[in-house]
Amino acid sequence: HLYAKILKPYLEDDRIPIVTYDAKLLYVFLGREKVNIKGMKWDVMLGCYLLNPSRNDLSLKSLIYDYLHEVVPEEEEKQAFSLVQGLYLLAQEMIKLLEKDELMPLYLNIEISVAKVLAAMELQGVRLDKAQLKAMGKELEARIEVLTDKIYILAEEEFNINSPKQLGVILFEKLGLPPVKKTKTGYSTNAEVLEFLADKHEIVQEILNYRQLVKLKSTYVDGLMNLINPKTKKVHTSFNQTITATGRLSSTEPNLQNIPIRLEEGRKIRKAFIPSKEGYILLTADYSQIELRVLAHMAEDQVLINAFKEGQDIHVRTAAEVFKVPMEEVTKEMRYHAKAINFGIVYGISDFGLAKDLGISRKEAKEHIENYFTRYAGVKNWIDNTIQEARNKGYVTTLLGRRRYINDILSKNYNLRSFAERTAINTPIQGSAADIIKIAMLRVYNKLVENKYKTRMILQVHDELVFEAPPNECSKIISMVKETMESAYPLDVPLKVDMQVGFNWYDLESIKG
DNA sequence: ACGATCACGTA
DNA sequence: GACGTACGTGATCGCG
């Protein structure tokens with residue numbers, strides 16, 4: 001495009017600061033035109049996101065209304081001028097507010113630079129093996145067909161198995177199964193309910209199997225295939241930098257941050273994710289227990305800090321503390337329970353939630369939590385302080401000063417208040433982990449560019465980065481990525497990164513080191 | 001056509 | 001007296 005060509009010398013002059021709305025979009029557009037824009041500095045969407053990451057409408061019109069108290073006219077002729085003028089004035093207002101809230105370092109050092117990295121990742125894309133997906137689709141189709149017939153026979157009629165409403169009628173009215181749980185609109189038929197009913201009628205397990213396969217085929221096999229760009233033979237996700245309230249990224253069209261891994265059936269989808277060039281390999285690098293390490297650091301909990309410093313299995317250690325036994329005597333069962341407790345802490349635990357998760361009584365769950373807080377007294381203290389801080393200031397912050405307002409923290413409604421308290425606990429933990437991986441992404445990206453490596457960063461999945469690399473760069477990249485990620489933001493505990501390598505995202509081999 | 005709801009995939 | 005956090009997508013269904 002002509003505009004890109006004409007503007008190229010100005011855009012590539014870094015002495016000219018540029019005000020934008022959605023810098024990443026512009027990076028992607030200009031990247032396609034081979035323009036390496038330099039002066040991108042004030043992005044109103046990104047800045048206003050930092051001012052209030054819970055805000056759901058970040059449209060320019062809405063920002064102009066809220067920050068400048070101006071109404072953008074409806075008429076198209078007047079609108080363009082109003083929006084551009086608004087953008088310029090908004091940038092000045094935003095700068096003032098970022099300064100006031102001490103968000104400028106986060107904005108300048110991290111977020112505005114991350115936008116460029118994300119654009120590069122989106123442009124790079126991820127290669128998918130279409131034949132692999134087609135084969136999986138065929139197989140799933142056949143198995144779904146068999147299950148469908150079996151379900152119709154067991155139900156003694158044909159119905160739409162995909163409709164929770166129709167399924168509810170079959171299960172709870174025709175077959176007389178006990179309705180365990182209700183939704184707003186009728187019977188609940190979710191996996192938890194069906195698992196409870198599984199031994200009461202043969203049809204139930206088949207429904208569960210059916211659901212699993214249909215999910216894989218529709219969302220992953222067909223869904224991914226439809227989004228392959230025929231020109232590049234790749235999928236080019238959008239990484240959204242201004243969606244989550246905690247500072248994490250999100251991914252859409254396709255969402256590449258929820259590709260199955262837990263169940264073997266689903267995990268096979270990952271076989272289709274391959275490097276974009278012959279002979280290249282995939283490299284994954286994931287932070288081990290980053291959220292619990294962040295918690296240990298922020299809470300300054302000496303027990304938790306020592307556990308990580310000594311490289312202990314953190315779930316075994318928590319089991320030892322909660323069940324009051326030596327680490328050598330921790331059973332699998334105890335470790336499993338401790339793992340749920342560790343997860344629960346990060347989410348702002350409740351005895352009810354833990355009891356449900358572990359299938360134990362609420363009383364037992366309560367005792368576990370009390371034991372946890374007795375042994376990890378620093379964590380207990382941090383939680384109390386953080387909730388108090390939320391009450392006093394109205395917001396909580398991450399390690400890098402990212403801010404989230406906690407509106408209902410003083411609510412008289414128990415449910416709203418409890419939810420707010422859990423949010424106040426989870427946000428600094430999840431958000432600080434997000435801060436850290438963003439720093440790591442920037443540094444890794446810069447090193448790839450500086451050293452003119454052919455290796456490319458292609459995905460971020462919250463605590464994991466995925467790269468594709470030519471074989472001759474492999475060993476250098478492995479040590480560079482690991483080192484860079486582990487030193488991205490020094491804490492009172494070590495950050496540990498596990499690395500894997502393989503020819504696709506399924507068959508990965510751990511790298512020792 | 002679109003939004004709400006349910007269900008379910010990830011960290 | 002109901003409940004652990006953060007997301008995105010697909011199918012259905014009822015609305016317009």
Subject >> Residues of segment A:198-221 satisfying the condition of being under 30 Å from A:ALA131 (Cα atoms), polar (S, T, N, Q) and away from DNA strand C (no atom under 12 Å from the Cβ) >> reply: A:ASN209, A:GLN212
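With A:VAL322, A:VAL294, A:VAL316 as the choices, which residue is touching a residue at least 60 places away in the same chain (Cβ under 8 Å) and touching a helix residue (DSSP H, G or I) at 6+ places or on another chain (Cβ under 9 Å)? If you could, list the steps in order and put the result at the bottom.
Working: A:VAL322 fails: touching a residue at least 60 places away in the same chain (Cβ under 8 Å); A:VAL316 fails: touching a residue at least 60 places away in the same chain (Cβ under 8 Å).
Residue meeting the stated conditions: A:VAL294.
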Subject >> Any pair with Cβ under 9 angstrom, 6 or more apart, that starts in segment A:401-419 at a residue that is under 18 Å from A:THR246 (Cα atoms) and within 16 Å of DNA strand B (Cβ to nearest atom) and ends at one that is part of a loop (DSSP other than H, G, I, E, B) and β-branched (Val, Ile, Thr) >> reply: A:ARG404/A:THR246; A:ARG404/A:THR398
**OP:** For segment A:272-290, enumerate the residues that are away from DNA strand B (no atom under 16 Å from the Cβ) and in a loop (DSSP other than H, G, I, E, B).
**Re:** A:PRO275, A:SER276, A:LYS277, A:GLU278, A:GLY279, A:TYR280
Original post:
Of all the helices (runs of 4 or more DSSP H) wholly in segment A:122-234, which have at least 2 residues that are under 26 Å from A:PHE503 (Cα atoms) and more than 15 Å from DNA strand B (Cβ to nearest atom)?
Top reply: A:130-155, A:223-226
Original post:
So how many residues does segment A:458-513 have that are within 20 Å of the chain's Cα centre (by Cα) and of a type in the set (Asp, Glu)?
Top reply: 4
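Of the residues that sit in segment A:67-76 and are part of a loop (DSSP other than H, G, I, E, B) and of a type in the set (A, V, I, L, M), which one is surrounded by the most Cβ atoms within 10 Å (Cβ to Cβ)?
We begin by selecting, within segment A:67-76, every residue part of a loop (DSSP other than H, G, I, E, B); these are A:69-75.
Imposing the further condition that a residue be of a type in the set (A, V, I, L, M) reduces the set to A:71-72.
Working: A:VAL71: 10, A:VAL72: 19.
Residue satisfying both the conditions and the ranking: A:VAL72.
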Original post:
Among the residues of segment A:332-346, is there at least one that is in contact with a Lys or Arg (Cβ under 9 Å, 6 or more places away or on another chain), among the aromatic types (Phe, Trp, Tyr) and within 16 Å of DNA strand B (Cβ to nearest atom)?
Top reply: no
**OP:** Please identify the pairs in which a residue from segment A:233-251 that is without any contact (Cβ under 8 Å) to a residue 24 or more places away in the chain has its Cβ atom under 9 Å from the Cβ atom of a residue that is among the basic types (Lys, Arg) and surrounded by 18 or more Cβ atoms within 10 Å (Cβ to Cβ), counting only partners at least 6 apart or on another chain.
**Re:** A:ASN240/A:LYS24
Original post:
Which members of segment A:251-271 meet the condition of being surrounded by 13 or more Cβ atoms within 10 Å (Cβ to Cβ) and either assigned to a loop (DSSP other than H, G, I, E, B) or away from DNA strand C (no atom under 16 Å from the Cβ) (or both)?
Top reply: A:PRO254, A:ASN255, A:LEU256, A:GLN257, A:ILE259, A:PRO260, A:ILE261, A:GLU265, A:ARG267, A:LYS268, A:ARG270, A:LYS271
Original post:
Looking at this structure, is A:LEU224 within 10 Å of DNA strand C (Cβ to nearest atom) and crowded, with 19+ Cβ neighbours inside 10 Å?
Top reply: yes
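Out of segment A:247-259, which residues are out of contact with any strand residue (DSSP E or B) (no Cβ under 7 Å at 6 or more places or on another chain) and within 12 Å of DNA strand B (Cβ to nearest atom)? First the steps, then the outcome.
Quick first cut of segment A:247-259, residues out of contact with any strand residue (DSSP E or B) (no Cβ under 7 Å at 6 or more places or on another chain) only: A:247-248, A:255, A:258-259.
Result: A:ARG248, A:ASN255, A:ASN258, A:ILE259.
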Subject >> Long-range neighbours under 7 Å by Cβ, at least six apart or interchain, first residue farther than 15 Å from A:ARG335 by Cα within segment A:350-375, second within 16 Å of DNA strand B (Cβ to nearest atom) >> reply: A:GLY353/A:GLY344
Original post:
For segment A:181-192, does any single residue satisfy the condition of being in contact with a strand residue (DSSP E or B) (Cβ under 9 Å, 6 or more places away or on another chain), within 30 Å of A:ILE425 (Cβ to Cβ) and not polar (S, T, N, Q)?
Top reply: yes
Original post:
Considering only segment A:77-116, how many residues are aromatic (Phe, Trp, Tyr) and surrounded by fewer than 17 Cβ atoms within 10 Å (Cβ to Cβ)?
Top reply: 2
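Please verify whether A:ASP57 is away from DNA strand B (no atom under 16 Å from the Cβ), modelled with pLDDT under 90, assigned to a loop (DSSP other than H, G, I, E, B) and out of contact with any Pro (no Cβ under 7 Å at 6 or more places or on another chain), treating the condition exactly as stated.
On the way: away from DNA strand B (no atom under 16 Å from the Cβ): no; modelled with pLDDT under 90: yes; assigned to a loop (DSSP other than H, G, I, E, B): yes; out of contact with any Pro (no Cβ under 7 Å at 6 or more places or on another chain): yes.
Considered against the rule, which asks whether it is away from DNA strand B (no atom under 16 Å from the Cβ), modelled with pLDDT under 90, assigned to a loop (DSSP other than H, G, I, E, B) and out of contact with any Pro (no Cβ under 7 Å at 6 or more places or on another chain), A:ASP57 comes out as no.
For (1) more than 16 Å from DNA strand C (Cβ to nearest atom); (2) out of contact with any strand residue (DSSP E or B) (no Cβ under 9 Å at 6 or more places or on another chain), each residue gets a yes or a no:
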{"residue": "A:ARG404", "(1), (2)": "no, no"}
{"residue": "A:ASN413", "(1), (2)": "no, yes"}
{"residue": "A:ARG417", "(1), (2)": "no, yes"}
{"residue": "A:GLU468", "(1), (2)": "yes, no"}
{"residue": "A:SER475", "(1), (2)": "yes, yes"}
{"residue": "A:TYR489", "(1), (2)": "yes, yes"}
{"residue": "A:VAL497", "(1), (2)": "yes, no"}
{"residue": "A:GLY502", "(1), (2)": "yes, no"}
{"residue": "A:TRP505", "(1), (2)": "yes, no"}
Original post:
Looking at (1) buried (at least 20 other Cβ atoms within 10 Å of the Cβ); (2) in contact with a Lys or Arg (Cβ under 9 Å, 6 or more places away or on another chain), can you tell me which one A:ILE64 breaks?
Top reply: (2)
**OP:** Report the residue count in segment A:158-182 for those that are loosely packed, with under 12 Cβ neighbours inside 10 Å and either in the same structural domain as A:ILE269 (by TED's automatic domain parsing) or over 35 Å from the mean Cα position of the chain (by Cα) (or both).
**Re:** 4
Original post:
Before we move on, is A:ARG262 within 11 Å of DNA strand B (Cβ to nearest atom) and in contact with a Phe, Trp or Tyr (Cβ under 9 Å, 6 or more places away or on another chain)?
Top reply: no
Original post:
Tell me, which residue of segment A:183-197 that is more than 18 Å from A:ASN162 (Cβ to Cβ) and more than 11 Å from DNA strand C (Cβ to nearest atom) is surrounded by the most Cβ atoms within 10 Å (Cβ to Cβ)?
Top reply: A:LEU197
Original post:
Which one is modelled with the highest pLDDT, of the residues in segment A:347-395 that are within 16 Å of DNA strand B (Cβ to nearest atom) and farther than 23 Å from A:SER54 by Cβ?
Top reply: A:LEU354
Subject >> Single unsatisfied condition, A:LEU89 versus (1) outside any loop (DSSP other than H, G, I, E, B); (2) more than 30 Å from A:VAL466 (Cα to Cα); (3) at pLDDT below 95 >> reply: (3)
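The values are calculated or read from the model by the stated rules, or taken from the named source; none is laboratory data. Being a predicted model, the structure only gives us computed values, none of them experimental. Using ideal geometry, Cβ is built from the backbone for each residue, glycine included, and neighbour counts are taken over all protein chains shown.
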